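Colleague: Please find one structure pasted underneath; my questions will follow.
The values are calculated or read from the model by the stated rules, or taken from the named source; none is laboratory data. Everything numeric here is computed off the predicted structure, so don't read it as measured data. Using ideal geometry, Cβ is built from the backbone for each residue, glycine included, and neighbour counts are taken over all protein chains shown.
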Amino acid sequence: MSDAKGLTRQQMCDRLAMEFEDGWIVNLGIGIPTLCSNFDFGDKEIIFHAENGVIGYGPLTGPGKEDLHLVNAGGQHVTLRPGAAIVHHADSFGLIRSGRIDVTVLGAYEVAANGDFANWKMAGQKGGGIGGAMDLAACARHVFIAMEQTTRNGSPRLVERCAIPVTARGVVNLVITNCGLFEITREGMALKEIAPGVTVDEIKATTGCALRVPREIPPVRLRA
Amino acid sequence: MSKSKIFASFADAVRDIPDGSVIGFGGFAVVGMPINLYGALAEQGARGLTCVSNGTRGGATLPSDGPDMGPLITNGQVKKVICSFTAPTRASQKLVFSEYYEKGLIDAELVPQGTLAERMRAAGAGIPAFYTPAAVGTELAEGRETRRFQGREYLLEYALPLDYAFIRAYQADDAGNLRFRRSQRNFNPLMAMAARITIVEVEEPILPRGAIDPDDVHLPGIYVHRLIKIPPAPEGWWPQRPAEVARQEAARSPR
């Protein structure tokens, strides 16, 4: 798919960020999801939690202004918002497991129509990188995924069943790709909104599972 | 008065670490990582170690020749690593540990991060095992004990006691009471509570007892056995700003 159409990574994350509700505690995974914190939430109060125990962090710091004692889950230097608090790792994951995270946004290699997803180990790889993803995916109230529609060689990432080892089963609610917004329902994968310049046929051709498509498909909302 | 907890050098503080020890290394990214103790242990040479750490590399705020777990691995000192990442988080990164692990030269136990933290919390809290929802239904749970509580499936995990914890703190008094700064706390207090002996590299000058108000202590000194004040750079290792690290690396690389 050409660069001229589809969503940028920031637009993908903006669309997911529109779903965050006032007062939500939000955990962003490494990679594309970190861009969700750039969204202008207006009057909504959103509390960003990082797995290393930072509750209430703000934007990234500029070069030369880093506090060397303060990073987010991706090891990036961030600022603290007024009202922030810091706990150790066991308390940080205690609040994850006890269901206090309203949404976690994670990257993925594959998302299946039954809500399974895989993001810690590629096919044939020995070991992998789990980080906090398994704890977050099992326990957050909502799991959103931000990823490209296909792999670099064009294989679908939206699939019937995950072919690689899963991170958690039956947990994904919403997926944004460069091509559109998808919802996982009891009946499987549904296309909710379509990216500018992308056709339904193109999406069907790059999706590896049955896809419910409404007769009228709205464009992806780009601003709240 | 009991024996002083203050050690004069990192070498003194790690001199008696025996082969085969299970050692927890605190830190998340480079924040709170015991960089100087890593260096001292690489020089000390203990072998057959089981190393527990979230990851094995400090990240962008430690120069590529800065001491992390890498030198222990290339020295052949490490038998096994217990961690939440055996692979780097970015495809562009290279981990010494990943190479050794993929070649089968080092054993590894990959653990979800919250489970890793809780296993050490449990060891420090006299709890032998616990059930967690993390990793249920994944490859990690295959062949292991699960149990349903209130309709939900949980995975049995065991406490992870340590022989030694190597950690870094912001402030200490000479009783060993510690304070951490910002995200420096991470795994550090948990590892100390799970360990028989805790060795701390301290950033600020070590304070007389009483200088830290009891209400402000993050980790009580009863968990802390050895303190070393980190000397100024270049003798002591400190994290640096990413831009400074990039400048130094560029200046060193052949053109």
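Colleague: Just the residues that are buried (at least 17 other Cβ atoms within 10 Å of the Cβ), more than 10 Å from B:T56 (Cβ to Cβ) and within 7 Å of chain A (Cβ to nearest Cβ), please, taken from segment B:81-106.
Modeller: B:S84, B:A87, B:T89
Colleague: Would you check which residues across segment A:41-55 are surrounded by fewer than 18 Cβ atoms within 10 Å (Cβ to Cβ) and either within 14 Å of chain B (Cβ to nearest Cβ) or in contact (Cβ under 8 Å) with a residue 60 or more places away in the chain (or both) and list them?
Modeller: A:G42
Colleague: I need a count of the residues in segment B:164-178 that are buried (at least 21 other Cβ atoms within 10 Å of the Cβ) and within 12 Å of chain A (Cβ to nearest Cβ).
Modeller: The qualifying residues number 4.
Colleague: Kindly indicate which of B:P161, B:P112 is out of contact with any Phe, Trp or Tyr (no Cβ under 7 Å at 6 or more places or on another chain), within 13 Å of chain A (Cβ to nearest Cβ) and closer than 29 Å to B:I17 by Cβ.
Modeller: After ruling out the rest, the residue left standing is B:P112.
Colleague: Looking only at segment B:200-244, count every residue that is hydrophobic (A, V, I, L, M, F, W, C), part of a loop (DSSP other than H, G, I, E, B), touching a strand residue (DSSP E or B) at 6+ places or on another chain (Cβ under 6 Å) and closer than 22 Å to B:I35 by Cα and tell me the total. Can you show your working first?
Modeller: The first filter runs over segment B:200-244 and keeps only residues hydrophobic (A, V, I, L, M, F, W, C), leaving B:200, B:202, B:206-207, B:211-212, B:217, B:219, B:222, B:224, B:227-228, B:230, B:233, B:237-238, B:243.
Subset that is part of a loop (DSSP other than H, G, I, E, B): B:206, B:211-212, B:217, B:224, B:230, B:233, B:237-238.
Next cut, touching a strand residue (DSSP E or B) at 6+ places or on another chain (Cβ under 6 Å) only: B:206, B:211-212, B:224, B:230.
Then drop every residue that is not closer than 22 Å to B:I35 by Cα, which leaves B:206, B:224, B:230.
The qualifying residues number 3.
Colleague: Whether any residue in segment A:121-131 is in contact with a helix residue (DSSP H, G or I) (Cβ under 7 Å, 6 or more places away or on another chain) and surrounded by fewer than 23 Cβ atoms within 10 Å (Cβ to Cβ) is what I want to check.
Modeller: yes
Colleague: What pairs can you find where one residue is in segment B:103-128 and in a loop (DSSP other than H, G, I, E, B), the other is buried (at least 23 other Cβ atoms within 10 Å of the Cβ) and of a type in the set (K, R), and their Cβ atoms are less than 9 Å apart, with a gap of 6+ or different chains?
Modeller: Listed by first residue and then by second, the contacts come to B:V111/B:R119; B:I127/B:R121.
Colleague: Provide a single number: the residues in segment B:9-40 that are in a loop (DSSP other than H, G, I, E, B) and either charged (D, E, K, R) or modelled with pLDDT under 95 (or both). Don't jump to the end; show me each part of the working.
Modeller: Here is the first cut: in segment B:9-40, the residues in a loop (DSSP other than H, G, I, E, B) are B:9, B:15-21, B:26-27, B:29-30, B:32-34.
Subset that is either charged (D, E, K, R) or modelled with pLDDT under 95 (or both): B:15-16, B:19, B:29-30.
The number of residues fulfilling the criteria is 5.
Colleague: Let me ask you something else. Give, as residue ranges, the strands (runs of 3 or more DSSP E) completely inside segment A:115-224 that count at least 3 residues that are of a type outside the set (A, V, I, L, M).
Modeller: Numbers: elements: A:142-146, A:172-176, A:180-185, A:188-194.
Result: A:180-185, A:188-194.
Colleague: While we're looking at this one, here's another question. Looking for whichever is under 28 Å from B:R247 (Cα atoms), within 13 Å of chain B (Cβ to nearest Cβ), touching a residue at least 12 places away in the same chain (Cβ under 8 Å) and in contact with a Cys (Cβ under 9 Å, 6 or more places away or on another chain) here; the options are A:T104, A:T61, A:T34, A:T79. Which one fits? Break it down stepwise before answering.
Modeller: Details: A:T104 fails: under 28 Å from B:R247 (Cα atoms); A:T61 fails: in contact with a Cys (Cβ under 9 Å, 6 or more places away or on another chain); A:T79 fails: in contact with a Cys (Cβ under 9 Å, 6 or more places away or on another chain).
A:T34 is the lone residue from the list that is under 28 Å from B:R247 (Cα atoms), within 13 Å of chain B (Cβ to nearest Cβ), touching a residue at least 12 places away in the same chain (Cβ under 8 Å) and in contact with a Cys (Cβ under 9 Å, 6 or more places away or on another chain).
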